[in-house]
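For reference, the structure is listed below as structure tokens.
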There are 2 protein chains.
Amino acid sequence: MSLATSPQLTIDRATCAALDAADPLAGFRERFDLPAGVVYLDGNSLGALPRATPAHVELVIREEWGTGLIRSWNDAGWFDKPRALGDRIAPLIGAAQGEVVLGDSTSSSLFQVAVAATRLRPGRRVIVSERGSFPTDLYILEGVQELAGADAGGPLERRLIDDEADLDDVLGDDVAVVVLTHVNYRTGRMYDLADVTRRVHEAGALMVWDLCHSVGAVPVDLAGAGADFAIGCTYKYLNGGPGSPSFIWVAERHQAEARPALTGWHGHARPFDFGLDYAPADGVARFRVGTPQLLSVAGLEASLDVWADVDLEALREKSLRLTELFISLVDTRLARWDVEVVSPRQSARRGSQVALRFGGDGMRDGLPETADGYAVMQAIIGRGVIGDFRAPDLMRFGFAPLYVSHTDVWDAVAVLEDVLATETWREPRFARRGAVT
Amino acid sequence: MSLATSPQLTIDRATCAALDAADPLAGFRERFDLPAGVVYLDGNSLGALPRATPAHVELVIREEWGTGLIRSWNDAGWFDKPRALGDRIAPLIGAAQGEVVLGDSTSSSLFQVAVAATRLRPGRRVIVSERGSFPTDLYILEGVQELAGADAGGPLERRLIDDEADLDDVLGDDVAVVVLTHVNYRTGRMYDLADVTRRVHEAGALMVWDLCHSVGAVPVDLAGAGADFAIGCTYKYLNGGPGSPSFIWVAERHQAEARPALTGWHGHARPFDFGLDYAPADGVARFRVGTPQLLSVAGLEASLDVWADVDLEALREKSLRLTELFISLVDTRLARWDVEVVSPRQSARRGSQVALRFGGDGMRDGLPETADGYAVMQAIIGRGVIGDFRAPDLMRFGFAPLYVSHTDVWDAVAVLEDVLATETWREPRFARRGAVT
């Protein structure tokens, strides 16, 4: 029975504990090192620390670097790590072996693939993206528009949509590339990867997917969708560590023709010949740039050991149970504060996160004004429930199925309710100030 | 008295031990964790492990990531690390505070500054570089030539020189940018930074310096030279760890006008406003791209603690003593194997490394053929003396003054002599095979 469609079901903490007891993924919680007293609902921004990571990074530092020194480029396989770890990410996104490689940041990886994709559609002068993209995607595309469009006398044009429903309004034979984020970073709204890709292809354009909020959270089938390029992040649901390397996916059919923008030596066909001229490596390796940041790569390597054991269907099932439970509890317990669930209520359209917003204004239920999402978030963080806030008014909660439990969800809503009921969010220490990350 | 110009001076191991005893930098050796029995002469490729690094990285992993979680973006100052560490690198290269920021790899950082520099000289269609650059610089510049030149109807032209003596042959009013490596990665030959910069400016072009083999090895005075842009590496002499982040220097006078290629959100003026349009940050921060790889940044942070205590004049003095001693011992003890010192013998023209090559062919001193540099290098590595080999024929030895001693130099040459005299380099296990890193 779906919790979200069963408001008549009485849920209490014991119900949640029973769901935890029956959870096939419950054992993964022990593979993470979360601080005591914390309910961590921000794994969609920075994933939790896998318990095995510190020892693995220390081994790389002490043994591979400290003792192996320069020899580790061969002996420890350092040079091939970006490709080797790419192959381990591939099953998480419906990609084949040899189609994925690590990049630097998602921003620079998007630059790499957006230039390459644009070059595969010469003469077409438009890049389509969406207003709700994580902003760096739009910023990076501005750079691509200027550089990649210069040979036709000026920047490429940008067309922005608000939703996949708008796609038909902007697609035409002048569109080179469409860059969309599979799961929206604010609302968790999820696109139909296959259907959007199909529509973009019908217009003769190429499809670039940003999987930052998808990988490790929802099923992704790039091969099934027949997409062209993708990039993604490993420090969110994949738990690779702060700023761990991005990844790049290039469909095998494009690899021989795709020309990246950053033509560094690690993407060269024969990097150790030290020749004068650039020649791209075979396959996705040509999208590599320079020397990988190997301590951060080591963090990712340790986290991928966890992912090797995850059943992705069970992951999605638990993710939906968690978000449905959260939505249901918000609906039933927070209704009097006029809380709006901004994320899609339809499971198929929702990633693994839920965004809330306070509606209304003026007096309501005896309270003098609407609660402020920023202050409420600070107050619950002060109580150990960690989500985050996105201006102007969204409280975000991410549900990483590997370490978030049903009782965590219960406790989070209980703290939210208590903070709202006792108005502790009004304390001056929770007032907005400065930049909000 | 200069060792290199005093072949009559009798040097023995006791002389070297006396030099070590009088070495004002000798105490730094204890701040590195080098394996027993190793003489490490490859710090010009990958620096040694500072003793404090493992604990610092572990603290970042366990406390900042594991316990602080997303809060560390503010509480641990993660967002500002690339600028904060840039300010700590600045004194090592003659830069002011606010002029240096961390990048991803040196390859991607060169792309960033080369596009920006080219844009500051519109209409000029030539980029000058040199045949002896580390190849990724040439490869990256090919990418820049194509993208940044497109608005004038085709790629920018590349002109390559062999030495600064050739500069006048290629400089003209069509040259936009000159990209040179201060210290050559193969031979250690060092350019006159100020003089070359002056000549480039006289031609109306901008000067981009690659400091990969300079920073932490030789004096660098970018401000004194009046240079325009620079990039460099932190995993060689700075000991930041394998693949630790590059840095970017932009002279203050260019910062307001310079437009980088990769316009990511970490280089945005107001990254947390999440606006639709790119607006560059003030100052060098606009050269940032995406989220920094913070475990690798942590490695660099620990190594910069060491550098905060280094007297750079004493560093250069010791560096020259080490390279002069090495050259002198090679001249006196290895002469019968026809070893050529490829690096400049003039101190002012030499970085902190020395390259050797075997000359001649056929019979010599009773040996049937010339020694093979690759095999000799493998043989001495097998004996614990770690340098490296660069095709087709160079044996490279780097002398990182913080952890290489005069007795190390003695022992290295003694092992070289023994390997050559006993012909152990002829053993089949030292034959060339496959890629050489």
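Would region B:300-309 turn up any residue that is buried (at least 24 other Cβ atoms within 10 Å of the Cβ), of a type in the set (D, E, K, R) and more than 8 Å from chain A (Cβ to nearest Cβ)? Scanning region B:300-309 turns up no residue that is buried (at least 24 other Cβ atoms within 10 Å of the Cβ), of a type in the set (D, E, K, R) and more than 8 Å from chain A (Cβ to nearest Cβ). So, of the residues in region A:294-312 that are among the acidic types (Asp, Glu) and more than 18 Å from the chain's Cα centre (by Cα), which turns out to be nearest to A:Phe32 (Cα to Cα)? Filtering first and then ranking leaves A:Asp305. Name the residues in region A:189-206 that are surrounded by fewer than 21 Cβ atoms within 10 Å (Cβ to Cβ) and either of a type in the set (Lys, Arg) or in contact with a Ser or Thr (Cβ under 6 Å, 6 or more places away or on another chain) (or both), would you? Those that are surrounded by fewer than 21 Cβ atoms within 10 Å (Cβ to Cβ) and either of a type in the set (Lys, Arg) or in contact with a Ser or Thr (Cβ under 6 Å, 6 or more places away or on another chain) (or both): A:Arg198, A:Arg199.
Among the numbered conditions (1) modelled with pLDDT under 95; (2) facing chain B (nearest Cβ under 7 Å), the only one that A:Ser244 does not meet is (1).
Okay, residues lined up against (1) at positive phi; (2) at pLDDT below 85; (3) part of a loop (DSSP other than H, G, I, E, B):
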{"site": "A:Pro344", "(1), (2), (3)": "no, no, yes"}
{"site": "A:Ala348", "(1), (2), (3)": "no, no, no"}
{"site": "A:Asp361", "(1), (2), (3)": "no, yes, yes"}
{"site": "A:Thr370", "(1), (2), (3)": "no, yes, yes"}
{"site": "A:Ala375", "(1), (2), (3)": "no, no, no"}
{"site": "A:Ile381", "(1), (2), (3)": "no, no, no"}
{"site": "A:Phe389", "(1), (2), (3)": "no, no, no"}
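When the helices (runs of 4 or more DSSP H) confined to region A:8-75 are screened for residues that are within 10 Å of chain B (Cβ to nearest Cβ) and closer than 17 Å to A:Tyr235 by Cβ, those reaching at least 2 such residues are found at A:53-59. The set of residues in region B:132-184 that are more than 13 Å from chain A (Cβ to nearest Cβ) and in contact with a Ser or Thr (Cβ under 6 Å, 6 or more places away or on another chain) comprises B:Ala176, B:Val177, B:Val179, B:Thr181, B:His182, B:Val183.
Of all the residues in region A:236-288, those that are outside any helix (DSSP H, G or I) and either over 25 Å from B:Val297 (Cα atoms) or not charged (D, E, K, R) (or both) number 37. In summary, A:Tyr278 fulfils each of the numbered conditions (1) in contact with a strand residue (DSSP E or B) (Cβ under 8 Å, 6 or more places away or on another chain); (2) within 20 Å of A:Arg119 (Cα to Cα); (3) more than 10 Å from chain B (Cβ to nearest Cβ) with the single exception of condition (3).
Okay, residues lined up against (1) more than 26 Å from A:Leu110 (Cα to Cα); (2) within 11 Å of another protein chain (Cβ to nearest Cβ); (3) in contact with a Lys or Arg (Cβ under 6 Å, 6 or more places away or on another chain); (4) free of Cβ contacts under 8 Å to residues at least 12 places away in the same chain:
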{"residue": "B:Gly94", "(1), (2), (3), (4)": "yes, no, no, no"}
{"residue": "B:Leu102", "(1), (2), (3), (4)": "no, yes, no, no"}
{"residue": "B:Ser109", "(1), (2), (3), (4)": "no, yes, no, no"}
{"residue": "B:Arg124", "(1), (2), (3), (4)": "yes, no, no, no"}
{"residue": "B:Val128", "(1), (2), (3), (4)": "yes, no, yes, no"}
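The values are calculated or read from the model by the stated rules, or taken from the named source; none is laboratory data. Every value quoted in this text rests on a predicted model; they were computed, and no experiment measured them. Positions of Cβ are backbone-derived with ideal geometry, glycine not excepted, and every protein chain shown enters the neighbour counts.
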